[in-house]
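Engineer: Let me begin by handing over the structure; questions about it come next.
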Amino acid sequence: MSYVERVLDDLKKRNPNEKEFHQAATEILLTLEPVISAHPEYEKAALLERFTEPERVVMFRVAWVDDNGNVQVNKGYRVQFNSAIGPYKGGLRFHPSVNLSVIKFLGLEQILKNSLTGLPIGGGKGGSDFDPKGKSDREIMAFCQSFMTELYRHIGADTDVPAGDIGVGAREVGYLFGQYKRIRNEHVGVLTGRGLSYGGSLMRKEATGYGLIYMTNEAMKQRGYDFKDKTTVVSGSGNVAIYACEKAQQMGAKVVAMCDSNGYIYDENGIDLAVVKQIKEVERGRIKEYANRVNGAKYNEGCKGIWSIPCDVALPCATQNEIDGESAAMLVKNGVKYVGEGANMPSTLEAIEIFQKASDVVFLPAKAANAGGVATSALEMAQSSGRLFWSAEEVDNKLKTIMVNIYHNIDNAAKKYGFAGNYVMGANIAGFEKVAEAMMAHGIV
Ligand code: NDP
Ligand code: 2IT
């Protein structure tokens with residue numbers, strides 16, 4: 001058994017029942033063999049054992065009172081996974097499916113993603129099994145205040161800087177920030193994705209979706225291809241999906257489908273994004289509504305069917321494991337050319353294998369393709385510390401440069417180790433090299 005296999009085996013035994021964490025660790029560790037062989041000193045320093053064990057896991061009770069006067073209790077989490085290259089950085093997810101395994105998989109991914117941005121940010125993630133759907137504004141505020149009343153003691157602008165993720169957008173970040181500021185009596189960049197009136201950055205809202213398209217476009221450019229008139233499917237209809245759709249459309253793509261957790265819409269004339277924004281960003285409604293408002297659009301219950309729509313470009317932007325082996329095989333059979341992951345770990349291990357084996361499919365893995373969000377968060381941190389405010393154009397240009405650089409870095413890393421075109425390998429290796437070097441420099445900690 002190789003060092004990598006032994007670490008993976010131990011990880012599964014020592015963290016039983018954490019299936020999402022096992023999945024992310026398997027995807028990452030198995031691709032690191034070439035780096036580990038080139039650095040025998042890593043095994044002696046137990047580098048992989050340390051890399052896969054969070055520096056700190058915080059779990060706490062979040063008690064709050066609902067609109068009927070009933071006391072509700074949720075679980076709160078913050079996994080401070082790795083601070084070798086900078087303060088812990090990563091989003092907060094509020095969704096009923098959140099558990100320790102989910103937060104650990106997201107945290108592990110975040111370490112390498114943040115390293116790929118080239119900016120000084122370590123990896124962390126947090127959240128709660130709280131379900132914001134159907135809650136009143138007052139209930140959301142009560143929950144966020146209770147959550148922050150515990151979390152504040154663990155975070156800080158130079159320690160750990162949370163942000164949004166599923167179920168945490170501008171409204172939640174606002175309430176969380178308000179409570180932090182009240183308790184600590186300091187107005188600092190302790191959260192990113194803040195509103196523009198209190199230290200946020202222009203373009204942060206658009207950054208993950210736009211970044212995904214900038215990277216996909218760069219991969220296309222290298223192959224003499226582009227988005228013009230390409231049939232594109234974007235799953236989800238949240239923050240990442242909406243702005244991926246917007247930038248893809250600006251580049252000439254024909255986006256024909258989007259979804260939420262209930263079902264998907266198909267619009268052969270091309271999605272009218274203004275309608276989606278109205279339903280999702282303003283009314284906080286269901287995607288089903290779209291079919292009632294747009295002539296010719298159809299709604300289907302269930303999410304999986306979205307991957308049976310023939311397309312040139314598939315952009316999964318909803319959640320983990322939304323593309324399984326069967327869906328991947330269907331996409332390949334229907335002639336998909338580019339798969340760009342906007343969500344975190346949206347493809348199962350089986351799906352990734354199917355995409356990688358299809359020689360004419362370019363597969364851009366999440367930790368590279370969706371890094372534009374956290375990269376722009378790091379730009380927000382820079383603006384906060386410098387007490388500066390950059391224009392939308394400045395931030396957008398920096399984001400573009402970062403995404404293009406990440407693409408070439410993962411492309412070069414894959415080539416350097418003899419796996420040209422394998423961006424799973426390229427992203428994991430390129431991200432890991434910097435973290436490993438920093439961890440080795442810090443000694444056994
Ligand atoms: P949002 O909460 O804004 O939107 C999530 C979308 O995905 C909604 O349409 C939601 O539908 C759908 N969705 C969520 N869970 C499920 C599920 N179990 N099954 C089917 N659909 C589901 O979140 P974001 O857009 O911010 O996040 C989407 C993905 O992108 C996540 O994987 C996140 O980790 C990742 N990501 C986000 C970044 C960011 O900056 N926000 C940065 C990098 C990655 P419904 O409304 O019905 O729940
Ligand atoms: O998965 C992610 O990269 C995010 N949810 C964004 C994290 C951040 O700190 O902006």
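Engineer: Are there any strands (runs of 3 or more DSSP E) wholly within region 30-128 with 2 or more residues that are within 16 Å of ligand 1 (Cβ to nearest atom) and on the phi < 0 side of the Ramachandran plot, and if so which? Please lay out each step first, then the result.
Structural biologist: On the way: elements: 56-65, 71-82, 88-94, 122-128.
Where strands (runs of 3 or more DSSP E) fall fully within region 30-128 and carry at least 2 residues being within 16 Å of ligand 1 (Cβ to nearest atom) and on the phi < 0 side of the Ramachandran plot, they are 71-82, 88-94, 122-128.
Engineer: May I pose another question? Using the structure shown, decide if residue 321 is part of a loop (DSSP other than H, G, I, E, B), surrounded by 21 or more Cβ atoms within 10 Å (Cβ to Cβ), at pLDDT 95 or above and under 18 Å from the mean Cα position of the chain (by Cα).
Structural biologist: no
Engineer: Six or more apart or on different chains, Cβ under 6 Å: which pairs go from a residue in region 44-72 that's under 19 Å from residue 144 (Cβ atoms) to one that's exposed (fewer than 13 other Cβ atoms within 10 Å of the Cβ)? Could you list them?
Structural biologist: 63/73; 65/71; 67/136
Engineer: Go through region 324-351 and give me each residue that's touching a strand residue (DSSP E or B) at 6+ places or on another chain (Cβ under 6 Å) and assigned to a loop (DSSP other than H, G, I, E, B).
Structural biologist: Here is the first cut: in region 324-351, the residues touching a strand residue (DSSP E or B) at 6+ places or on another chain (Cβ under 6 Å) are 331, 336, 338-340, 342, 346-347, 351.
336, 342, 346, listed by residue number.
Engineer: Here are some residues: 369, 329, 291. Which one is touching an Asp or Glu at 6+ places or on another chain (Cβ under 7 Å) and modelled with pLDDT of 95 or more? I'd like the intermediate steps shown before the answer.
Structural biologist: Details: 329 fails: touching an Asp or Glu at 6+ places or on another chain (Cβ under 7 Å); 291 fails: touching an Asp or Glu at 6+ places or on another chain (Cβ under 7 Å).
Being touching an Asp or Glu at 6+ places or on another chain (Cβ under 7 Å) and modelled with pLDDT of 95 or more holds for just one of 369, 329, 291, which is 369.
Let's see how each residue does on (1) over 17 Å from the mean Cα position of the chain (by Cα); (2) part of a loop (DSSP other than H, G, I, E, B); (3) within 14 Å of ligand 2 (Cβ to nearest atom); (4) surrounded by 17 or more Cβ atoms within 10 Å (Cβ to Cβ):
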position	(1), (2), (3), (4)
353	yes, no, no, no
397	yes, no, no, no
421	yes, yes, no, no
431	no, no, yes, yes
437	yes, no, no, no
445	yes, yes, no, no
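Engineer: Against the definition (within 16 Å of ligand 2 (Cβ to nearest atom), buried (at least 19 other Cβ atoms within 10 Å of the Cβ) and farther than 24 Å from residue 434 by Cα), how does residue 128 come out, yes or no? Reasoning before the result, please.
Structural biologist: Details: within 16 Å of ligand 2 (Cβ to nearest atom): yes; buried (at least 19 other Cβ atoms within 10 Å of the Cβ): yes; farther than 24 Å from residue 434 by Cα: yes.
In short, yes.
Engineer: Restricting attention to region 358-381, and to residues there that are away from ligand 2 (no atom under 13 Å from the Cβ) and over 22 Å from residue 320 (Cα atoms), which single residue is surrounded by the fewest Cβ atoms within 10 Å (Cβ to Cβ)?
Structural biologist: Among residues in region 358-381 that are away from ligand 2 (no atom under 13 Å from the Cβ) and over 22 Å from residue 320 (Cα atoms), the one surrounded by the fewest Cβ atoms within 10 Å (Cβ to Cβ) is 359.
The values are calculated or read from the model by the stated rules, or taken from the named source; none is laboratory data. Keep in mind the model is a prediction, meaning the values are calculated, not measured. Reconstructed Cβ throughout: ideal geometry from the backbone, glycine too, with neighbour counts over all protein chains shown.
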